Amino acid sequence: MQRRAVVVEDMEVVARAISSILNLEGFEEVEVVTDPREALRVIRQVDPELVVLDVRMPHLTGAQVIQALGKRPGQHPGLLVYSATPKEDLDRTLQGSGLGYDAFLEKPATLLELRAAMKAVLASVGPR
């Protein structure tokens with residue numbers, strides 16, 4: 001089975017860098033979404049193992065994308081939030097909703113931190 005991921009990040013250079021890291025980690029198919037309004041459609045179409053999601057984006061925030069995703073059956077896809085927005089702000093927005101994410105990584109992060117966070121998310125959600 002082909003490993004698939006979706007990167008939702010409005011800064012294309014950052015999205016491409018994350019995509020390259022995912023390719024190095026063995027993801028054969030990585031879809032990059034720079035407009036968060038397209039994120040749900042792409043996530044549902046691709047059915048990824050992992051979603052890397054920025055929080056601060058135009059049109060829709062990462063929190064709004066998480067809310068629109070709703071409950072994730074079986075904890076798939078794994079959801080890694082990668083943002084300069086403080087974790088506490090995101091947690092406050094999602095508080096009481098029963099919705100969440102698997103890991104939060106604050107920007108800027110090193111390549112090693114990003115790779116470690118991705119691996120931790122995939123380990124926490126288990127194999128498909």
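The values are calculated or read from the model by the stated rules, or taken from the named source; none is laboratory data. All of these numbers come straight from a predicted model, not from anything done at the bench. Here the Cβ positions follow ideal geometry from the backbone for every residue, glycine too, while neighbour counts run over all protein chains shown. Areas reflect the complete protein model, heavy atoms only, side chains present, ligands, DNA and RNA absent. Shrake-Rupley method; radii C 1.70, N 1.55, O 1.52, S 1.80 Å.
If residue 97 satisfies every condition in (1) open to solvent by 60 Å² or more (accessible area, probe 1.4 Å); (2) part of a loop (DSSP other than H, G, I, E, B); (3) small (Gly, Ala, Ser) but one, which is the exception?
(1)
If I ask for residues that are more than 11 Å from the chain's Cα centre (by Cα) and of a type in the set (Val, Ile, Thr), which ones from region 1-22 would you list?
13, 14, 21
Exactly one of these conditions fails for residue 39: (1) of a type in the set (Gly, Ala, Ser); (2) part of a loop (DSSP other than H, G, I, E, B); (3) at pLDDT 90 or above. Give me its number.
(2)
For residues in region 106-119 being of a type outside the set (D, E, K, R) and open to solvent by less than 60 Å² (accessible area, probe 1.4 Å), which is modelled with the lowest pLDDT?
To start, the set of residues in region 106-119 that are of a type outside the set (D, E, K, R) comprises 108-112, 114, 116-118.
Okay, now just the ones that are also open to solvent by less than 60 Å² (accessible area, probe 1.4 Å), so 109, 114, 116-118.
Numbers: 109: 87, 114: 90, 116: 92, 117: 93, 118: 90.
The residue in question is 109.
Among the residues of region 9-21, count how many are out of contact with any Asp or Glu (no Cβ under 6 Å at 6 or more places or on another chain), open to solvent by less than 80 Å² (accessible area, probe 1.4 Å) and not in a helix (DSSP H, G or I).
1
I'm checking my understanding of the structure. Among residues of region 22-50 that are touching a Leu at 6+ places or on another chain (Cβ under 8 Å) and open to solvent by 20 Å² or more (accessible area, probe 1.4 Å), which one is farthest from residue 6 (Cα to Cα)?
First, the residues of region 22-50 that are touching a Leu at 6+ places or on another chain (Cβ under 8 Å): 22, 27, 30, 36-37, 39-40, 43, 49-50.
From what's left, open to solvent by 20 Å² or more (accessible area, probe 1.4 Å): 30, 37, 40, 49.
Details: 30: 6, 37: 14, 40: 10, 49: 8 Å.
Residue satisfying both the conditions and the ranking: 37.
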